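The values are calculated or read from the model by the stated rules, or taken from the named source; none is laboratory data. Because the structure is a prediction, the values reported are computed rather than measured. Here the Cβ positions follow ideal geometry from the backbone for every residue, glycine too, while neighbour counts run over all protein chains shown. All accessible areas refer to the heavy atoms of the entire protein, side chains included, with ligands and DNA or RNA removed. Shrake-Rupley method; radii C 1.70, N 1.55, O 1.52, S 1.80 Å.
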Amino acid sequence: MNDTRLYEQILGIESPWSVRSVTLKKDEGSIEVDVACSETMWGCPECGLRMHVHAWEQRRWRHLDSCQYKTILVANVPRVKCDKHGTQMVKVPWAEPGSRFTAWFERLAIDVLQECSTAAGCEILRITWDQADGIKQRAINRGLARRQAVPVKRLCVDEKAVGWGHQYVTIVSCADGGKTRVLAIEDDREENSLNRFWRTLTPEHREAVEAVSMDMWEAFRNSTLRYVPGAAEKIVYDNFHLARYMNRAVDEVRRAEHEVKQGDTVSPLKGTRQLWLYGLENVPRKWAARFRELRALATKTARAWKVKELFRSFWACADPADATEFFRKWYRDAIATRLEPIKKVARMFKKHWANIVTFFRHHLSNAHAEGINSRIQHLIQQACGYRNRDRFKRDVLFHLGGLDLHPAIVQ
Ligand SMILES: [Zn+2]
């Protein structure tokens, strides 16, 4: 088999296209595959109307390497001049419109860029940063276009502080089908941030939403009430966030008690913040005795801690009725501590009860989203921060969007 025929087969090139020549350019470390076209009648890429070629334009595409050589496809591509759609280049079978890479190369590049940092990916693939960016952007557009048809049922909304001053992004994720993925990442954490996401869904898809987990954050709540039919029954206040409020209250009690105790001797509460955050079963064994003594000494913090511990069992309630009964007792205990930070959290939970008890119907939390958060953190570290917000958002979708990113290969 001669080399032109070999490359035609490798590249899947068929009539009217053919490989005219293959040139090894040893000094440049490349192989150039010259592709010719024998057809002079083409359809307009927009309307399909067939017409004579108006002009030819030489284009180059990087393909997968041949052994150690960069492999470049070169072809004169027909341009047609449609009365309606103007002058346009016809579509070639080996690459997507506008790309300077073949579909095979883009597939490889996407796989490599998903596994390592952009800098490392560029090094391995021998492409520039901008080229990597272009490949990612095309991949995301492709993925988003393919995604739209599938309704999502169970969503998590979370906020994340990002590097630019005190700025936030709103992250919408979904764990339907087992694999958590980011559906959207929007600027700020305003009502409008989440509105923007809801508006990307069709009314039917908004109706199909079954449950939305979030922090007790009015902006997210209002937005969801506005766009999701029946949202009052579908919003679930996330148990991780609720636990965080509880922990903060315990720590507030500890700090106040610490200050008082510091008056006489060295406070036994010094440096014990973490200890009170543990669940009882997770207190390291070497500290168990100390923690027991501490609870006897620091009676206020111990009281707060006990209420916090009790609240953890809340999530094991069997159903809404069971949970309501549990909460009534727990609330009484919390108020009886006469500790302001604890009472404040208890009252807040009571006020938001309608969307806390929904947990026992939907069993949804932001647990999956927490995983997403740490992966986003990893992305930020890997990229050594992000100079611009759009690039950051793009990378989140590229790595965590669960999108079908690969271009189709025409064989
Ligand atoms: Zn046309």
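Things worth noting here:
- Residue 276 vs. criteria buried (at least 22 other Cβ atoms within 10 Å of the Cβ) and part of a helix (DSSP H, G or I): yes
- The residue list 285, 295 contains one member that is free of Cβ contacts under 8 Å to residues at least 24 places away in the same chain, loosely packed, with under 14 Cβ neighbours inside 10 Å and more than 24 Å from residue 239 (Cβ to Cβ), which is 285.
- The set of residues in segment 179-213 that are within 18 Å of residue 403 (Cβ to Cβ) and open to solvent by 60 Å² or more (accessible area, probe 1.4 Å) comprises 179, 200.
- Listed conditions (1) in contact (Cβ under 8 Å) with a residue 60 or more places away in the chain; (2) closer than 22 Å to residue 399 by Cα are all met by residue 131, apart from (1).
- Criterion: at pLDDT 90 or above and surrounded by fewer than 10 Cβ atoms within 10 Å (Cβ to Cβ) - qualifying residue of 321, 316: 316
- Any chance residue 334 is touching a Lys or Arg at 6+ places or on another chain (Cβ under 7 Å), hydrophobic (A, V, I, L, M, F, W, C), buried (at least 17 other Cβ atoms within 10 Å of the Cβ) and without any contact (Cβ under 8 Å) to a residue 40 or more places away in the chain: yes
- Among the conditions (1) farther than 23 Å from residue 273 by Cα; (2) open to solvent by less than 40 Å² (accessible area, probe 1.4 Å), residue 342 misses just one, which is (1).
- When segment 3-24 is filtered for residues that are touching a residue at least 12 places away in the same chain (Cβ under 8 Å), part of a strand (DSSP E or B) and open to solvent by less than 90 Å² (accessible area, probe 1.4 Å), the ones remaining, listed by number, are 17, 18, 19, 21, 22.
- Residues (within 16 Å of the ligand (Cβ to nearest atom), open to solvent by 30 Å² or more (accessible area, probe 1.4 Å) and in a loop (DSSP other than H, G, I, E, B)) located in segment 33-52: 45, 46, 47, 48, 49
- In segment 1-32, residue farthest from the ligand (Cβ to nearest atom) [restricted to those that are among the small types (Gly, Ala, Ser) and at negative phi]: 30
- Subset of segment 361-401 that is open to solvent by less than 50 Å² (accessible area, probe 1.4 Å) and part of a loop (DSSP other than H, G, I, E, B) - its residue that is nearest to residue 143 (Cα to Cα): 401
- For segment 53-134, the strands (runs of 3 or more DSSP E) that sit wholly inside it and include 3 or more residues that are open to solvent by 30 Å² or more (accessible area, probe 1.4 Å) and either away from the ligand (no atom under 16 Å from the Cβ) or on the phi > 0 side of the Ramachandran plot (or both) are 55-66, 69-82.
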